[in-house]
Amino acid sequence: MENFALRDTLDQPLKEGEIRVSNSFFSVDPYMRPRMDEGDSYIAPFALNEPMTGAAVGRVVETRSERFKVGDRVSHFLGWRDVATLRATDALALPAGDLKDEYFLDVLGTIGMTAYFGLFDVAQARPGDIVFVSAAAGAVGSLVVQIAKLRGMTVIGSAGGKEKCDFVRSLGADHVIDYKTPGPFEDKLRAVAPEGLDVYFDNVGGEQLDAAMGVARRNARFAICGMIGMYNSDAPIGFSNLFRVISMRLQVRGFINSDFMSRRDECMAQMGYWVSQNLIQSRYTIFDGLENGPEAFFSLFRGGNTGKALVRLGA
Ligand code: NDP
């Protein structure tokens, strides 16, 4: 917490082509933790003494661009601030309508893309597959559970604690594992998947990834989405089932949602349809006020959120 500071800054006059946005929500996400380490990654590390960034939604309050008028709803990448000044070309126009702002940082934003493309493209999941998803009560995981059920799969979800497990069950999961109960995770997974897994959607890495390799069927597909269980640890990780990648011909593929940006419309059309039919439920854990941004962020690593963690501004 002592590494964060809240600063007031003066709004500079807009330059030609810029807009000013009053943010209503910004997103806190696990990937922000690896961005606090130096080193080679798919995105540059955060710079010291610079404002944090991340996905946000808000309304245009001032404009010097023909792309947007005052009042338009937009999403952009200058979260972690009440008011953002940015080039209009860096903002995405959002529909006016009744849909809550929260949706655009969740099911109708990059979280939805991560679940959709991770499951259907990266893992090539098909009706009838047995799918295991970790962090199943979280933002990405809770969507994966639901869209896998909508496409006729058998779904196993894992989460920490009874309340979260009940939530995952309420989303339609066929089996739920509380990974915080004592005993080897692999035994628990094998007990609910005696015939093995076709797909693993990995959000946590570590023991659960190892267990999924141990229980996977021949030719099973692994979508490696995230490894939140390993982001705060420097300890070397041992995998006892790694050789099964070879012996069982496992297909293990990492991905980043932006790999699929050119197909965003396809995903939004499908997710939008499911939302409009009330076939997907969204859950949010909301923290109020910019000053609670760091707490919202840290809570991700303590399992403090169910569904998507967001910070609400100006409430
Ligand atoms: P979540 O909403 O799932 O929040 C994080 C959850 O992770 C917590 O609530 C907690 O749930 C669980 N968790 C935290 N620490 C541990 C741990 N040590 N072991 C096991 N579980 C833990 O976050 P997201 O849905 O936003 O992200 C989920 C994963 O997907 C992350 O790894 C993230 O980096 C990744 N991601 C990848 C993207 C991509 O493009 N590849 C895009 C977006 C996310 P519980 O209480 O159940 O433990």
Selection from the stretch 86-116 of residues that are free of Cβ contacts under 8 Å to residues at least 24 places away in the same chain and among the acidic types (Asp, Glu): ASP90, ASP98
The stretch 120-179: number of residues that are free of Cβ contacts under 8 Å to residues at least 12 places away in the same chain and near the ligand (Cβ under 9 Å from one of its atoms): 0
Residues located in the stretch 44-76, provided they are of a type in the set (A, V, I, L, M, F, W, C) and either at pLDDT below 95 or assigned to a loop (DSSP other than H, G, I, E, B) (or both): ALA44, PHE46, ALA47, LEU48, MET52, ALA55, PHE68, VAL70
Residue tally, condition farther than 19 Å from GLY314 by Cβ and at pLDDT 95 or above, over the stretch 78-99: 6
Candidate set: the stretch 258-289, residues that are closer than 30 Å to ALA5 by Cβ and out of contact with any strand residue (DSSP E or B) (no Cβ under 7 Å at 6 or more places or on another chain); chosen: the one nearest to the ligand (Cβ to nearest atom): SER258
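The values are calculated or read from the model by the stated rules, or taken from the named source; none is laboratory data. Source: prediction; values computed, not measured. Every residue, glycine among them, receives a Cβ derived from its backbone with ideal geometry; neighbour counts consider all protein chains shown.
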